[in-house]
1. Only Cα pairs under 8 Å and at least 6 apart count here; give the relative contact order of segment 307-393 as a rounded whole percent.
2. To the nearest 20 debye, what is the magnitude of the charge dipole of segment 12-115 about its Cα centre, counting +1 on the Cβ of each Lys and Arg and -1 on the Cβ of each Asp and Glu?
3. With labels modelled as points extended 7 Å from the Cα through the Cβ direction, what inter-label distance (nm, one decimal) is found for LEU263 paired with ARG217?
4. By per-residue mean of other Cβ atoms within 10 Å, what is the highest-first order of 379-392, 231-244?
5. Can you run phi through the Karplus equation (6.51, -1.76, 1.60; θ = phi - 60°) for segment 209-219 and list ³J(HN,Hα) in whole Hz, with x for Gly and Pro?
6. Report the label-to-label distance for ALA249 and ASP355 in nanometres (one decimal), using points 7 Å from each Cα along the Cα→Cβ vector.
7. Order these peptides, 340-350, 20-30, by their mean beta-carbon neighbour count within 10 angstrom, highest first.
8. Determine the gain in length on full extension of the stretch LYS201-ARG393; use 0.36 nm per residue of separation and subtract their C-alpha separation, reporting nm with one decimal.
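Here, each number is a calculation from the coordinates, and none is a lab measurement. Predicted model, so just to flag it, every value in this text is computed and none were measured. Glycine also receives a Cβ, built like all others from the backbone with ideal geometry; neighbour counts cover every protein chain displayed.
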Amino acid sequence: MELTGSMEPRAVLRDRGAARARSGHPWIYRSDIAEAGGEAGDVVPVFDRSGNFLGWGFYNPGSEISLRVAERRDEPVDECWFRTRIERALAYRDSLEIDGDAYRLLHAEADGVPGLVVDRYGEYLVLQVGSAAVDRRLDWIVDTLVELLSPRGILLRGDSAARKREGLDTAVRVLYGEVPESVVVREGPVRYRARPWSGQKTGGFLDQRENRLAAGRYARGRVLDVFSYAGGFALHAARRAETVEAVDASGPALEAARADAELNGRENIAFTRSNAFDLLRGRSDAGEGYDMVILDPPAFARTKRELPRARRAYKEINLRAMKLLNPGGILFSCSCSYHFSRELMEDTLRSAAADAGKTLRVREWRGQARDHPEILTVPETRYLKCAVLECLR
Ligand code: SAH
């Protein structure tokens, strides 16, 4: 890309970038831009090399993804444009009739606003802003959210990796009203404390909401929730199970889980601080049996290069978990690594089942909750996978 400082704000794409934009993918990499002018945060018109208009893009020359095509039609990307996109995102959430008050209201590219995430925790909103163009227009966005939703407070979780990549400041700060350290929210029949300031992501793992509800429906007998974080799955499972053991390497996460168990009046959950790999190996070597095992590990493959090692790690935990299943037992196996595709995950589970000598019936393949929608032409918006497998013998 030529950095022609004198050039007017606009971008001309190389053929590969133009083809990508035409396919409906908003991300244009620096190497696919022939020439561009403008500053970080500008919304620039985008053309192919013959001068055909391709859309309006959020521009940031400092980012590897230097352009995010936000609008494919030739209309102004102004305050009204942002408002319309936000209204549509909220209308879609309304249509889902979510039983609870903690979920994602706007899912960036998948709701047509590249780089903006808006999560709801009860009466509070938590934002993540991973693009310079959105960052510059934060006032509009906050005004619109206040007008449409009347929240008590709005927090910016500026400490996301995406902001660092875009060269934006990384402070966590209040944008409106007041935001407390923790907020009690409801997820179906379960209540938990979200931590907007300090919790993972914007305060919790909202993308697993529907899978936690599903796990609650399958649970019975003796349940092991591995990589439990603040006990999301454990709290749901404990409603039907006899006993649940939540396992995580993080002490603070387990403390939060213990407090939430109390909040829900659950006395059948035990909390074990341990490395999941060691614990799973130890339990399977000891010949223990469970009626349900939940595996919700962090992303083992953050990049393509990490895939071979990640695959071994996924296989190891799933193999151990399968060995632990009683006949009729359920394995709830998740992966949030985009690069570890559904096909790769299926293949890994197959190989784990073969080594474990178990026959597993596929009860369901699940994904991220519907408030984290996928866009057909943006494969990266589909990242969470969840296999529900029943041990036949
Ligand atoms: N199931 C949770 C989210 C899990 S996030 C929910 O629905 O809310 C992944 C968790 O794995 C984090 O809490 C992290 O502390 C934990 N973790 C990461 N590596 C681990 C390891 N090797 N052993 C045990 N826990 C680990």
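1. On the way: 130 pairs, mean separation 36.9, N = 87.
In percent, rounded to a whole number, it is 42.
2. Details: 14 positive and 19 negative charges, 93 e Å.
Dipole of segment 12-115, to the nearest 20 debye: 440 debye.
3. So the two model labels end up 2.4 nm from each other.
4. Numbers: 379-392: 19.2, 231-244: 24.6.
Packing proxy ranking, top to bottom: 231-244, 379-392.
5. 3, 5, 6, 5, 4, 5, 4, x, 6, 7, 5
6. A separation of 1.9 nm, rounded to one decimal place.
7. Working: 340-350: 16.6, 20-30: 18.4.
Result, highest mean first: 20-30, 340-350.
8. Values: separation 192, 0.36 × 192 = 69.12 nm, distance 3.86 nm.
Taking LYS201 through ARG393 to full extension adds about 65.3 nm, to one decimal.
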